[in-house]
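**Student:** I have a structure I would like to understand better, so I am pasting it below and will then ask my questions one at a time.
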Amino acid sequence: MWSWKNPWRENTKDTPKESLNWRLWFGVFVFGLMGAARGIDEGLIGTTAELVPFQEKFGLHDPSKSAHEQAELLSNITSMVQMGSILGSLIAFFITDRIGRLWATRQLCIIWMGGIIIFLSAAATGSVEQVYAGRFIAGIGIGQTTVVAPTYLAETAPRAIRGLCVCAFAGSVYIGIMLAYFASWGSSIHISSATDAQWLVPNSMHLMFAGIIFTLSWFPPESPRWLIKVGRHEEALENLCLLRKLPAGDPYVTSETMDINDQLNREREATMGTTWLGPIRELFSSKANLYRIQLSVLSQLLSQWSGANSITIYAPQYFAMMGTTGQNEKLFATAIFGVVKFVSSMFCAFFLIDFIGRKRSLSTGITLQLVSMLYMGIFLLIDNGVANSDVDQTPSQKKAAMGAIVMVYFSGFGWALGWNSIQYLINSEIYPLRLRALGGSIAMTFHFVNQYGNSKAVPLMFFAMKNGGTMIFFSCVTAIGLLWVWFFLPETSGKSLESLDEMFNLPWYLIGRKGAEITKGSGGMSEYLDKAGGKAATIEMEKAAAAEVKQKNYPVELKV
C-alpha cells in the first residue's frame, strides 16, 4: 500500500536535529542575501535605462546618434559592472583564503558602496565616464560575492541540505531582481520624470543592501573549514560546535572534523614544498582537476549564452518585442517577471535541488527554457511587425503574441529551476578544500566574462540578427547545454564535500553518467566513523570503495 513520506524528513533523517538551528539559518540568511548584489544591478540597470531622466542625462535617446551608436552606449553602461566583476572574481580567491570569509564580505561591501556612490554622483555632473567608473568599481565588490558567499554556505551547511543552503544565494539574486523591478516601476509612476530622483531613488537600493550585509556580517561564526586550513583548530572546533549546536565530543562533530583534517592533510602532503603557485599548478596538473575545470567553464558558458540572463537585464526590451507598449506597461510586466523568477528559485531550493538531485532539476529547467526560446524565436520570425504599434494584428496574431509573453515567464521559470541554481552550487561543491576558493574564483571569472560578453552583445545582436534570429541562437545553445548535462554533469546531492574526490578519480567518460551510481551512499569518512574509529575507518572506506568498483567492473584503480 502506497504511503506518502515527507521528503524533507527523509533527506535529513541522518542529520542531528540540533544541527538545524538558528545559528546555521542566520548564516544562510546573511550570506544568501549577498546574491541580491547581482540581482539588484541586473534588475535596475535595464529598467533604469527606460526612465526618461536617465536617457536624457546620458544621451541614450540622442537624435544625433544612430541606432547602432545608441545600442553601443546602452551596452557599455549595462556591461560595466560585469567588467568590474571579472576583476572582483579573479582576486576573490586570494582575498577569501587570506583574510577569511567574514572579512572578505566586509571589504567587498565597502568597495560595492564606494562604486555606487560614484555612479549616483554622476547625476550632478552628467558624465557618462563617471557612470562607467562607478559601475566598474561597484562590480569589483559585486563580483566577489559570487565566490565568497557560495564558499561559506557550502562549507558550513550539513551535507543533507547543502543544496538548499547554497541555493539561498541563487534565490536572493531574484529577491534583488524582483525588488529592483518594482522599485523602477514604482518610481516611474510616483516620481516626476522631470527630476533625476526618478532613477536615483531605486538605485539607492545598492547602498541599503550593502549596508545591511556589512552590519550583519559581524554576527555569524567564521567557516570552520577555513579556520582548520589556516591552523586555528581550537577556534574551528568551537565554531563547528556553535553551528551544529552539539558538544565537541559528539560523533557527528568528531567525524566532520576528521573528514576536513583528513582531506587537508592529504592535500598538504601532495603539495609539500611548493610555492604560492602550488595551488594553481595543482589545479591544472591532474585529470580529476581538469574535469572539475571543464565543469566550471562549460556550466558558465552554456548558462550565460542560453539567453535567460539577457532577458533579465533587458526585460523591458523583450516585452516590447512581444508587443507590450508603453513605459509603465513594460515595467509592470517586467516586475511580474521578477516575481515569477523569485518564486521559481525558492521552489527549486526548498523542494527540488536536494530531493530530486542537481541533474534532474537542471535538465527539467533547461527543457522548459528550450521550449520557451524556440517558441519566441519562431514567433518573431513569422510576425516580425509585432513591436510596431501602428500595425493592426489579427485575432490569431494577438493570441500568438500573448503566448510569446507567457513564454518569457516560462523561460524565467526554467532558468530559476535549472542553470541559475547549478552555476553557483556545482562550483562550490566539486573542488577540494585547498582549491575551493581558487576553483570558485575561476568559475566566477568565466561567469562574468560571459555575462559581460552577453550584456554587451545582445543589443547589437538585436540590431544585426533581428529579434527572431537572436532567440534561435539562444535555443541552439540551450539544446547543447541539455546534452552536456546528460553526459558530463555528475550528481553530487547527499554526498559530503570530502567524499566527492572518489567520484572524480573515475575515468572521464563515467563521471557524468555513472559517478553517482559508483559512489552511491558515499557520505565520506563520517559514515564509516560511526562504525569504526580513526585510521581503521579510512581503511574500511577504501576497501569498500575498491570492492564496489571491482564488483561493477569499472576501469578504475584504487589502492588499498
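**Student:** Only residues that are buried (at least 22 other Cβ atoms within 10 Å of the Cβ) and not aromatic (Phe, Trp, Tyr): list them for the stretch 87-101, please. It would help to see each step written out before you state the result.
**Tutor:** We begin by selecting, within the stretch 87-101, every residue buried (at least 22 other Cβ atoms within 10 Å of the Cβ); these are 88-89, 92-93, 96, 101.
Within the stretch 87-101, Gly88, Ser89, Ala92, Thr96, Arg101 meet the criteria.
Each row is one residue, and each column tells you yes or no for (1) of a type outside the set (D, E, K, R); (2) modelled with pLDDT of 85 or more; (3) under 30 Å from Ile480 (Cβ atoms).
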position	(1), (2), (3)
Ser223	yes, yes, no
Pro251	yes, yes, no
Ser296	yes, yes, yes
Leu301	yes, yes, yes
Tyr314	yes, no, yes
Met321	yes, no, yes
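**Student:** Every residue in the stretch 185-225 that is open to solvent by 10 Å² or more (accessible area, probe 1.4 Å), farther than 30 Å from Leu242 by Cα and within 22 Å of the chain's Cα centre (by Cα), please.
**Tutor:** Correct list: Met205, Leu207.
**Student:** Of the residues that sit in the stretch 155-184 and are surrounded by 24 or more Cβ atoms within 10 Å (Cβ to Cβ) and among the aromatic types (Phe, Trp, Tyr), which one is farthest from Gly357 (Cα to Cα)?
**Tutor:** So the residue we want is Tyr181.
**Student:** Given (1) at pLDDT 90 or above; (2) more than 30 Å from Phe182 (Cβ to Cβ), identify the lone condition not met by Trp25.
**Tutor:** (2)
**Student:** Let me ask something else. Hey, could you check the stretch 1-22 for residues that are closer than 30 Å to Phe214 by Cβ and in a loop (DSSP other than H, G, I, E, B) and say which is modelled with the highest pLDDT?
**Tutor:** Result: Asn21.
**Student:** Another question, if that's okay. Among the numbered criteria (1) in contact (Cβ under 8 Å) with a residue 12 or more places away in the chain; (2) not assigned by the TED database to the domain that holds Gly46, which one does Leu200 miss?
**Tutor:** (2)
**Student:** Filter the stretch 226-259 down to residues that are of a type in the set (A, V, I, L, M) and over 18 Å from Arg101 (Cβ atoms) and give me whichever is surrounded by the most Cβ atoms within 10 Å (Cβ to Cβ).
**Tutor:** Val253
**Student:** Suppose we keep only residues that are hydrophobic (A, V, I, L, M, F, W, C) and without any contact (Cβ under 8 Å) to a residue 60 or more places away in the chain within the stretch 244-265. Which one would you say is farthest from Leu24 (Cα to Cα)?
**Tutor:** My answer is Ala248.
So that you can scan it fast, the table gives a plain yes or no per residue for (1) more than 15 Å from Met376 (Cα to Cα); (2) open to solvent by 10 Å² or more (accessible area, probe 1.4 Å):
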site	(1), (2)
Ala404	no, no
Val408	no, no
Ser411	no, no
Trp415	yes, no
Ser428	yes, no
Arg436	yes, no
Ile442	yes, yes
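Table: residues versus (1) assigned to a loop (DSSP other than H, G, I, E, B); (2) under 22 Å from the mean Cα position of the chain (by Cα); (3) assigned by the TED database to the domain that holds Ser187.
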{"residue": "Gly27", "(1), (2), (3)": "no, yes, yes"}
{"residue": "Gly32", "(1), (2), (3)": "no, yes, yes"}
{"residue": "Glu42", "(1), (2), (3)": "no, yes, yes"}
{"residue": "Ile45", "(1), (2), (3)": "no, yes, yes"}
{"residue": "His61", "(1), (2), (3)": "yes, no, yes"}
{"residue": "Glu72", "(1), (2), (3)": "no, no, yes"}
{"residue": "Thr78", "(1), (2), (3)": "no, yes, yes"}
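The values are calculated or read from the model by the stated rules, or taken from the named source; none is laboratory data. No experiment lies behind these values; they were computed from the predicted model shown. Neighbour counts are summed over all protein chains in view; Cβ atoms, including those assigned to glycine, are modelled from backbone coordinates with ideal geometry. The area values use the complete protein model at the heavy-atom level, side chains included, leaving out ligands, DNA and RNA. Shrake-Rupley method; radii C 1.70, N 1.55, O 1.52, S 1.80 Å.
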